[in-house]
Amino acid sequence: MTQAINSTQALYRCLPAMDSLLLIPQVIGFIDQQGKSWIKSLLTQMLDDARQQITNSQSLPNWCLDSANITTELASRISKAQRQSMTPVINLTGTILHTNLGRSQMCEAAIDAVTQVMRSPVPLEFDMGQGKRGHRDSAISALINELTGADSCCIVNNNAAAVLLMLAATSAGKEVIVSRGELVEIGGAFRIPDIMAQAGCKLVEVGCTNRTHLKDYAAAITENTAAIMKVHTSNYHISGFTKVTEEAELAALCKGKGIALISDLGSGALTDLSRFGLSKEPMPQQMLKDGVNLVSFSGDKLLGGPQAGLVVGDRELIAKLQAHPLKRALRCDKMTLAALEATLMQYRNPQTLDSQLPIFRKLSRPLVELEQLAQTLQQLADSVNGSLFDVTIQACQTQVGSGSQPDVLLDSVALCLAVNTNASKQKHSPSVLQLDKHFKAASMPIIGRITANQLWLDLRGADSDSQLIEVLTTSLLDFEQVPSQTPATSLEAVS
Ligand SMILES: *Cc1c(COP(=O)(O)O)cnc(C)c1O
């Protein structure tokens, strides 16, 4: 016992003092580049970790040996701390618009547009000789109006913000009528009754979960009613004995009573999606034709642009939204507006959407191409994975995601990795969980999905075949090099 304490104390005495660390020439070099306080805090952490190791296992970390080892350890901690958290991943989860993976990817035109406005001042709200200082949405409102047939538009941070602003600006302190079949919850904290309360509106529920008639709405209108709101049931589907009152019918009712008809479309789509094998998603342009006064939808769902919320509709109502104090809090920055404008420009020629916008490129990719890719990947994976895993090709189905088109599944192909039955008999056989973790820890992570002890890589999510081929091969090779005696700790080291 005393011996252990003595040796522990001896080890503590072997630790270099901070003052001596700060005198190592390479450390001084790091201080010149990175600043003293940060480097000192990394060294403090190294010493703390070393003390922890002495306490836990009566041993010194290798880096304590000499100044070359100290420098190497410090350099590795610097580079680890400088790694950015938001680096690209390959999304093979089977969900194309994955909210947790940032939803839609931008088209190249949007990427160029954003890069430009990041570098330079731009006339975001500046009079360039037309005699008025427009608001920041005016630059792209002509384009949005051209595409949707709207009078006017208002652009905010996301569709949740758009709904909040629509309600607050048109109906605060008043009643808003919603069907009981449309009291939607979107993932996270977006629930129609809560947003309604935040906007200062009184929710008036009408009808039943499965059926709401025009007469239900009509009977609920009072002198305090400001609006009827329709909410697209984007992430669920009610079927069977159902009745939904269409916008056109409601528009006539609202017009007669002098109240507004507003609609939260969720995803919205500016083009007919049936050619991508998707069902018809309600389009804002149709809603406006049907007489809806304000329509809101997301920028980063089926539109394929940046995170944003678009509200289109009547000029006087949009003017109220633009003038509301919440608009200032919810407005978009120049990068979002530039990306949105460049994305929307693609819609002038719907025929090229599937080659220009990543979302449509993925949704429309022919199955035979995915099958060919799967075969290439299977052969490579078989040749490099050292018989640790059985690699098979399986049919699967991709979902759009982000609450868009919950019923629609697109045929796809997955590469499936399962533990080889011979390998699984060995004492330290790898597991599919370890493989998944290893893929996620790579410099270019591949994100799949584990089902029934297999790692499924849905190939419809691939952006570049050649990149995927390279990344998968390297990742499998790396995995093979992990010594089989100590798979768990070695995997930690890899990550
Ligand atoms: C997705 C969705 C929202 C929220 O949109 P965000 O852009 O995620 O803020 C609101 N309402 C409906 C019906 C939706 O589908």
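Assorted remarks:
- Inter-label distance for residue 41 and residue 368, nm, one decimal - labels placed 7 Å from Cα along Cα-to-Cβ: 5.8 nm
- Spatially proximal lysines relative to residue 243 (Cα-Cα < 16 Å; intrachain offsets below 8 disregarded): 215, 230
- Translational diffusion of the chain, estimated by Stokes-Einstein from the Kirkwood radius over alpha carbon pairs at 25 °C in a medium of 0.890 mPa s, is 92 µm² per second.
- Model label points for residue 68 and residue 422, set 7 angstrom from Cα along the Cα-to-Cβ axis, are 4.3 nm apart.
- Computed from point charges on the beta carbon alone (+1 for Lys and Arg, -1 for Asp and Glu), the dipole magnitude for the chain about its Cα centre is near 980 Debye.
- Relative contact order of segment 45-195, defined on C-alpha pairs under 8 angstrom at six or more residues apart (%): 7 percent
- Residues 147, 330 in ascending order of nearby Cβ atoms (within 10 Å, fewest first): 147, 330.
- Whichever lysines have a C-alpha closer than 30 Å to that of residue 437, once near sequence neighbours (fewer than 8 apart) are set aside: 80, 301, 362, 425, 427
- Linear extension gain, residue 34 paired with residue 244, 0.36 nm per residue minus alpha-carbon span: 69.4 nm
- Volume in Å³ per residue [convex hull over Cα atoms, computed for segment 409-463]: 90 Å³
- Helix-only [θ]222 nm of the chain, DSSP H runs n ≥ 4, -39500 (n - 2.57) each, per residue, nearest 500: -13500 deg cm²/dmol
- For segment 246-283 and segment 137-159, distance of Cα centres in Å: 16 Å
- For segment 292-301, putting each phi into the Karplus relation 6.51 cos²θ - 1.76 cosθ + 1.60 with θ = phi - 60° gives couplings of 5, 7, 9, 10, 10, 7, 8, x, 10, 9 Hz, in residue order, rounded to whole numbers and with x for Gly and Pro.
- Counting 0.36 nm for each residue step from residue 465 to residue 86 and taking away their Cα separation leaves a gain of 134.2 nm.
- Neighbour counts of C-beta atoms inside 10 Å place 271, 233 in the sequence 233, 271, starting with the fewest.
- Spacing of the two label points (7 Å from each Cα toward its C-beta) at residue 478 and residue 351, in nm: 4.4 nm
- Gyration tensor verdict on segment 197-341 (Cα atoms; rounded if a/c is under 1.5, prolate if a/b is larger than b/c, oblate otherwise): oblate
- Residue-span extension gain [residue 197 to residue 101] - 0.36 nm each, minus C-alpha spacing: 31.6 nm
- For residue 334, neighbours were defined as the other residues whose beta-carbon sits under 12 Å from its Cβ, and their charges (Lys and Arg +1, Asp and Glu -1) total -1.
- Ranked for footprinting exposure by Cβ neighbours inside 10 Å, fewest first, 166, 128, 46, 345 give 128, 345, 46, 166.
- Taking a ≥ b ≥ c as the square roots of the eigenvalues of the Cα gyration tensor, segment 134-216 is prolate, since a/c reaches 1.5 or more and a/b is larger than b/c.
- Restricting attention to the chain, close to 60% of DSSP beta bridges with both partner residues there are antiparallel.
Laboratory data are not the source of any read-out in this text; all were calculated from the coordinates shown. None of these values were measured; they are calculated from a predicted model. No Cβ is skipped: glycine too gets one built from the backbone with ideal geometry, and neighbour counts run over all protein chains shown.
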